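Written out below as structure tokens is the structure these notes cover.
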Amino acid sequence: MKHAIEKRFSRTVLAASIAAIGLSVPLVAQAEDDAQNLTTPDSQVEVGVGNVSSGSYKFGDYGRGMQRSGAHLIGNARTSMRSSDNATYLDLVARNLGLDSRSVSIKGGEQGNYGLSFEYDELMKLHSDTFMSPYNGMGSTVLTAPGGLAAWAATIDTTPGGAINAPVAATNVTSVMMTALAANMKAFNVSTKRKGTALGVTKQLAGGWDVAVNYKREEKDGTKLTGAPFQIADKGSRGTLLAPEPINYTTDLFDVLARYADEKLQAQVSYHASLFNNANQSLTFDNLYYHANSVVGASTLTGALGQMPDNQFHQVNASGGYSLSKETRLTGSLSIGRMTQNDAFLPYITTAGILAAPPVASLNGKVDTTHADIKLHTKLMHDAALTAGYKYDDRQNRTAVNTYFYMPADNNSAATYPNNATSSNNRRNTPLSKTQQVLYADLDYELSKATQLKLGYDFDKITHTNEPTSGDTEHTVKAEVKHSFSDTASGGLAFAHSDRNADTYNGAAPLFATYQSGYLAGLCVAPNTFLYNGVVTACTGVASATSAATIPFLDTPALMKFFLTDRKRDKLRAYGNVAAGEKLDLQFGASYYKERYPDAEIGFGLAKATGWTANVDANWAATEAVNGMFFASFEDYSTDQNGHNGASSATAPAITTLDRQNNTVAFDPLTGTTVRTDRSLTLGLGFKVKQDDSFDWGGNFTHTNTAGSTRFKDIGSRIAATVLPVPDAVSRLNRLELFGKYKVQKGVTLNVKYAYEQYNSTDWAWDGQTYTSSTTFIGTGMTSPDYRVHVLGASLTYKF
Amino acid sequence: MKQKYPGHPFAAMLLGVALALGVAVTAQAATASGKDLVLKGDAKCTSCHDQDEKSVMAIGKTRHGATGDSRTPTCTNCHGDSVKHIEHKGGNRPLPDRTFTKGTTTPAEVRNEACLSCHKGGARYQWAGSQHEGQGLACTTCHKVHNQHDSVRAKETQTETCFSCHKEQRAQSLRQSHHPIQEGKVVCSNCHNPHGSSGPKLLHKNTVPETCFTCHAEKRGPFLWEHPPVSDNCTNCHTPHGSNNVALLKNRPPYLCASCHIAGGHSTTGIRNGTDLGAGVVVGGAATAAPQMVGKACLNCHTQIHGSNHPSGARFAR
């Protein structure tokens, strides 16, 4: 029997089959869509609204831009497009579009051929929103006293016992005057904003070459707080205050480079230029203090601060690496640069006709920099590798030396600052040069599959000019051992010891370079002599019962500057990692270091610095959907500074400059040690839950507690009765963040975020200080930051 | 006479179903017939790894998935030919020749070879013998090659990677004075080149001051009056990752300044203590606070501490 299918039925079968094919097409398309979704870059746009409960400069500082209370736009975007036909691409990232920390980055081109980039970024630095000052014109380069200086001087006239040109005591005058100022204080927010715009081009060339050109312009505008000292009375007495200095900086950065790469050789040559321009040359400010020479009605006194001068830096670089074999590679670089600065000088003082102009109209400053290094890395054998190298850094300051007249602050009379052969006011500039050479070798040795040993040695040699030493050498030995105890536990221990030996320390040497011989001769007593620029020069001071200086010395004998003197340093570090099961990772670490300055230990200055840290981290993957983390870090940093308490000129016996050497009355061997300690505790706790495919949520909590203490020990009898404790400066930050992401539909997510931040701080430098706490420093009214801020945000993210 | 169809009576139906199924699985099983899904020559891998497990397919979202770029590698360029892995039948399939996931047994040096075969130049030319290489790190310790967004290359997420080892810097970045690191405006790679450098501490630039002057060009000078510790090294006074003291200072003024200056023109002032804060702050303190102690302390007057270009600025007050 033959099977036969009716034509009608056959048609039905074919139709069904075709229909099945038809139905399968969407499946095919779906499969292709799935594949495409897996391989096509995502893009997303986020738009929403956030609200800040209360404004705080500290909270909104830097990138957050949320220093104001109220609503703000949440705007973020990240798009990425790549052609499936060729290698063209376009990436865009935009962040914080509704805040003062907005940024945009666009990169596009054809991969392997060329690339173009554009970046824009804003950054706020919020210094203070509690600053107060009596000046008019804050934010500009000219700060004027309210009501004119004459009005303030009129206040002075009311000082008991004082007439305008002959006050009984300067302190009486300033007290009264500052009280009057307090009534005129005005609030001014101090902040700066950076705006950076960058452009870049890259081009891939044939033969392994590629070139790149980058340009960035950064503009920084706003104000910062700067000191504005004034002459209060003739010679010596000055008062000061903090004034808002206008910032109007532009920095242009250029980089041009060409690179070559093949299997063995990689090299590049480049040119870098950094051009800094300051639109403001000076900040002028009316004198808010009385000054005997500031004659009302004749000439009022205005101070002037020289702002940061325009400068340039140009540098050419060549660098590269060559693989001598699979085991050995040689790398090196050479950089030659020049820093220049030639901004016009301000006059010595603002009042014309009193002093001659500086010897030159501008510095014409030049500093040449040279860097060279070479490094060899080789595998000596299967289980050992050696890295050895040499570095050379040279900074040659080729600026011309001239003699300038020193006026501590603007002054209407130069009479009290003599300009003669024995004057301390004739000062030469002392250009600083430095050369540093480093030799180093590091050996990595695999003791076993589980244990690695690292040994290293560094030799560092420095020479410099116009410093108390001609240079120093430092030897450092290093050792580290790492061990894997099992597949789930490992740890290590590292130690380094450094020993720096400086050449003979002569604290007077820099002074010899800047003062004239006639002045220095008066600082030591006859018949001693000293060598001045190679010339034997006779001391002219007169010996007394308390004065017997054999060489000129302006500062404290036996004072050692920590970055120039002998130093012994030890560093110890231990760490461990434990995987406690598949779900928990633990990390532990601790470090300790100690720096000793032996010469300062028996003299003055920074004698010791010690610190230790400890940290623990835990990462917990409870389930595939739930994970958490915890960390804690503690740091303690402490310094010992040996100081003294020189008696004042009012103390018997009177102490003069000449007495500052070999005068045990003026200088106790050790009057006391200041111990400064900063401690910080940081804790973090976080978790994340992937509830299901449509809902993620989680949170983070951060706590930071810092305390800076100042203590005194070994206080000598001279000042024991007068030393009072200094309060601790503390800060405490608590930050809670909660977030949730709910997938509303395919490609659309609802985001909700809540943050609470609490910050408390106290600082004796500001808190409790009034405008008139000091008679020579006008207070600002600034207080330590303290805030509690809630931030709530809701946004929608569209993913495509 | 009834028309007869040759062959099996269900042939047509089977043909139709086969066509339907055949087309339906085309996308998923195309590789069975050797079709690449993402990269040129990836069929031998994507015939199995055609889903999102371990983000294999996601390589297509990255620069390494740009097949229009003749330099773009295929799976086996990085993972090795992996013949045993491919040809194995049954369970306990051997791993590919080179794997990069956490806990891999592939040595870091071997993993890095996969990357350095193309990326040896540019910022990575000093990788051999660098600190991170010496610590046994692999490129994939930090980089996520198969992710569209490699978190270590994004400003807002880079620190997650760096701080997973550098705990002290993480804590310092949370202190009251810090660079805008936590805020995602300044990131580690702005200053450091983790692949190796000629400068100290893996800095991009040759010296510490050169690094700092990139953003703080106003402090570069050269000034008429130079402050020696400034031209020597910014880290004499500053600690860059975060500090309890204002302006990232290692110690607070006036004590920082007293590290080097304990007399000078202020020899009568002695050791600064609570007395200098004034009676308003410390019981028993002086009648008036010392300007060298309050506010910005020494910098109340010596405000141009990074250098002065005023002809009378020898003491950095002008």
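Any residue at all in segment A:746-761 that's within 7 Å of chain B (Cβ to nearest Cβ), at pLDDT 95 or above and surrounded by 21 or more Cβ atoms within 10 Å (Cβ to Cβ)?
First, pick out the residues of segment A:746-761 that are within 7 Å of chain B (Cβ to nearest Cβ): A:761.
If we keep only those that are at pLDDT 95 or above as well, we get A:761.
The next check asks that each one be surrounded by 21 or more Cβ atoms within 10 Å (Cβ to Cβ); those that pass are none.
No; the residues of segment A:746-761 include none that is within 7 Å of chain B (Cβ to nearest Cβ), at pLDDT 95 or above and surrounded by 21 or more Cβ atoms within 10 Å (Cβ to Cβ).
From the list A:GLY98, A:GLY55, A:GLY108, which one is more than 11 Å from chain B (Cβ to nearest Cβ), surrounded by 17 or more Cβ atoms within 10 Å (Cβ to Cβ) and over 30 Å from A:LEU305 (Cβ atoms)?
Criteria check complete, one pass: A:GLY98.
Whether any residue in segment A:226-234 is touching a Cys at 6+ places or on another chain (Cβ under 7 Å), at negative phi and not in a strand (DSSP E or B) is what I want to check. Before you say what the answer is, go through the steps one by one.
If we filter segment A:226-234 for residues that are touching a Cys at 6+ places or on another chain (Cβ under 7 Å), which is where we start, we get A:227, A:229.
Next cut, at negative phi only: A:227, A:229.
Subset that is not in a strand (DSSP E or B): A:229.
Yes, segment A:226-234 has at least one match.
Of the numbered conditions (1) touching an Asp or Glu at 6+ places or on another chain (Cβ under 6 Å); (2) surrounded by fewer than 16 Cβ atoms within 10 Å (Cβ to Cβ), A:TYR440 satisfies every one except a single condition; which is it?
Against the list (1) touching an Asp or Glu at 6+ places or on another chain (Cβ under 6 Å); (2) surrounded by fewer than 16 Cβ atoms within 10 Å (Cβ to Cβ), A:TYR440 comes up short only on (2).
For segment A:24-39, does any single residue satisfy the condition of being part of a helix (DSSP H, G or I), modelled with pLDDT of 85 or more and either aromatic (Phe, Trp, Tyr) or under 31 Å from the mean Cα position of the chain (by Cα) (or both)?
no
Just to be sure, is B:GLY41 at pLDDT below 90, more than 9 Å from chain A (Cβ to nearest Cβ) and over 28 Å from the mean Cα position of the chain (by Cα)?
Numbers: at pLDDT below 90: yes; more than 9 Å from chain A (Cβ to nearest Cβ): yes; over 28 Å from the mean Cα position of the chain (by Cα): yes.
Criteria met by B:GLY41.
Does B:HIS64 qualify as being of a type outside the set (Gly, Ala, Ser), within 21 Å of A:LEU38 (Cβ to Cβ) and within 14 Å of chain A (Cβ to nearest Cβ)? Lay out the reasoning, then the answer.
Numbers: of a type outside the set (Gly, Ala, Ser): yes; within 21 Å of A:LEU38 (Cβ to Cβ): yes; within 14 Å of chain A (Cβ to nearest Cβ): yes.
Criteria met by B:HIS64.
When the residues of segment A:584-602 are narrowed to those that are within 19 Å of B:TYR255 (Cα to Cα) and within 10 Å of chain B (Cβ to nearest Cβ), which ends up nearest to the chain's Cα centre (by Cα)?
A:TYR597
Can you tell me which condition B:ALA314 does not meet? The list is (1) touching a strand residue (DSSP E or B) at 6+ places or on another chain (Cβ under 9 Å); (2) at the interface with chain A (Cβ under 8 Å from one of its Cβ atoms); (3) not in a loop (DSSP other than H, G, I, E, B), and all the others hold.
All conditions are met except number (3).
If you check every pair at least six apart or on different chains, which have Cβ atoms under 7 Å apart with a residue in segment A:263-292 that is within 28 Å of A:TYR322 (Cβ to Cβ) first and a residue that is β-branched (Val, Ile, Thr) second?
Pairs that qualify, where the first residue is within 28 Å of A:TYR322 (Cβ to Cβ) and the partner is β-branched (Val, Ile, Thr), are A:SER270/A:VAL256; A:TYR271/A:VAL256; A:TYR271/A:VAL316.
Taking segment A:603-639 as the search range and keeping residues that are of a type in the set (Asp, Glu) and within 25 Å of the chain's Cα centre (by Cα), which one is nearest to the other protein chains (Cβ to nearest Cβ)?
Here is the first cut: in segment A:603-639, the ones of a type in the set (Asp, Glu) are A:617, A:624, A:635-636.
Next, only the ones that are within 25 Å of the chain's Cα centre (by Cα) stay: A:635-636.
Numbers: A:GLU635: 6, A:ASP636: 11 Å.
So, considering only residues that are of a type in the set (Asp, Glu) and within 25 Å of the chain's Cα centre (by Cα), the one nearest to the other protein chains (Cβ to nearest Cβ) is A:GLU635.
Has segment B:162-178 got any residue that is crowded, with 21+ Cβ neighbours inside 10 Å and hydroxyl-bearing (Ser, Thr, Tyr)?
yes
Each row is one residue, and each column tells you yes or no for (1) more than 20 Å from A:SER274 (Cα to Cα); (2) within 10 Å of chain B (Cβ to nearest Cβ).
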residue	(1), (2)
A:ASN317	no, yes
A:THR340	no, yes
A:THR351	yes, no
A:ALA372	yes, yes
A:ASP383	yes, no
A:GLY389	yes, yes
A:ARG395	no, yes
A:ALA421	yes, no
A:THR430	yes, yes
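Could you look through segment A:757-781, keep only residues that are in contact (Cβ under 8 Å) with a residue 40 or more places away in the chain and closer than 20 Å to A:ASN734 by Cβ, and pick out the one that is farthest from the chain's Cα centre (by Cα)?
Selected residue: A:GLU757.
Which residue is surrounded by the most Cβ atoms within 10 Å (Cβ to Cβ), if the candidates are limited to segment A:485-520 and must be modelled with pLDDT of 95 or more and in contact with a Phe, Trp or Tyr (Cβ under 7 Å, 6 or more places away or on another chain)?
Among residues in segment A:485-520 that are modelled with pLDDT of 95 or more and in contact with a Phe, Trp or Tyr (Cβ under 7 Å, 6 or more places away or on another chain), the one surrounded by the most Cβ atoms within 10 Å (Cβ to Cβ) is A:GLY492.
With surrounded by fewer than 15 Cβ atoms within 10 Å (Cβ to Cβ), within 13 Å of chain B (Cβ to nearest Cβ) and charged (D, E, K, R) as the only criterion, which of A:LYS478, A:LYS482, A:LYS449, A:LYS454 stands out?
On the way: A:LYS478 fails: surrounded by fewer than 15 Cβ atoms within 10 Å (Cβ to Cβ); A:LYS482 fails: surrounded by fewer than 15 Cβ atoms within 10 Å (Cβ to Cβ); A:LYS454 fails: surrounded by fewer than 15 Cβ atoms within 10 Å (Cβ to Cβ).
Only one candidate passes the filter, namely A:LYS449.
Select from segment A:762-800 the residues that are within 11 Å of chain B (Cβ to nearest Cβ) and of a type in the set (Val, Ile, Thr) and list them in ascending order.
A:THR762, A:THR770, A:THR772, A:THR775, A:THR776, A:ILE778, A:THR780
Kindly indicate whether any position in segment B:221-236 is at the interface with another protein chain (Cβ under 8 Å from one of its Cβ atoms), surrounded by 24 or more Cβ atoms within 10 Å (Cβ to Cβ), more than 30 Å from A:ASN277 (Cα to Cα) and modelled with pLDDT of 90 or more.
no
Show the residue pairs meeting these rules: Cβ distance below 9 Å; 6+ apart or different chains; first residue within segment A:511-527 and touching a residue at least 24 places away in the same chain (Cβ under 8 Å); second residue of a type in the set (D, E, K, R) and in a loop (DSSP other than H, G, I, E, B).
Final answer for the pair search is A:LEU511/A:ASP555.
Filter segment A:234-260 for residues that are touching a strand residue (DSSP E or B) at 6+ places or on another chain (Cβ under 8 Å) and modelled with pLDDT under 95; which is farthest from the other protein chains (Cβ to nearest Cβ)?
Start the filter on segment A:234-260 by keeping residues that are touching a strand residue (DSSP E or B) at 6+ places or on another chain (Cβ under 8 Å), which leaves A:237-260.
With the extra rule that they be modelled with pLDDT under 95, the set shrinks to A:237-241.
Numbers: A:SER237: 11, A:ARG238: 7, A:GLY239: 8, A:THR240: 5, A:LEU241: 8 Å.
Checking each candidate, the answer is A:SER237.
Determine which member of the set B:THR101, B:THR76, B:THR67, B:THR105 is assigned to a helix (DSSP H, G or I) and of a type in the set (Val, Ile, Thr).
B:THR76
Residues of segment A:680-730 being in contact with a strand residue (DSSP E or B) (Cβ under 8 Å, 6 or more places away or on another chain), within 8 Å of another protein chain (Cβ to nearest Cβ) and not hydrophobic (A, V, I, L, M, F, W, C), which ones?
A:SER680, A:THR682, A:THR702, A:THR704, A:THR706, A:GLY708, A:THR710, A:PRO725, A:PRO727
What's the total number of residues in segment A:757-800 that are touching a Phe, Trp or Tyr at 6+ places or on another chain (Cβ under 9 Å), under 30 Å from A:GLY740 (Cβ atoms) and of a type in the set (S, T, N, Q)?
2
What is the residue count in segment B:269-289 for residues that are part of a loop (DSSP other than H, G, I, E, B) and either at pLDDT 95 or above or within 7 Å of chain A (Cβ to nearest Cβ) (or both)?
Quick first cut of segment B:269-289, residues part of a loop (DSSP other than H, G, I, E, B) only: B:269-273, B:278-289.
Remaining after also requiring either at pLDDT 95 or above or within 7 Å of chain A (Cβ to nearest Cβ) (or both): B:270-271, B:273, B:278, B:280-282, B:284-285, B:288-289.
So the count comes out to 11.
The values are calculated or read from the model by the stated rules, or taken from the named source; none is laboratory data. Fair warning: this is a prediction, and the values are worked out from it, not measured in the lab. Cβ atoms come from the backbone with ideal geometry, glycine included; neighbour counts cover every protein chain shown.
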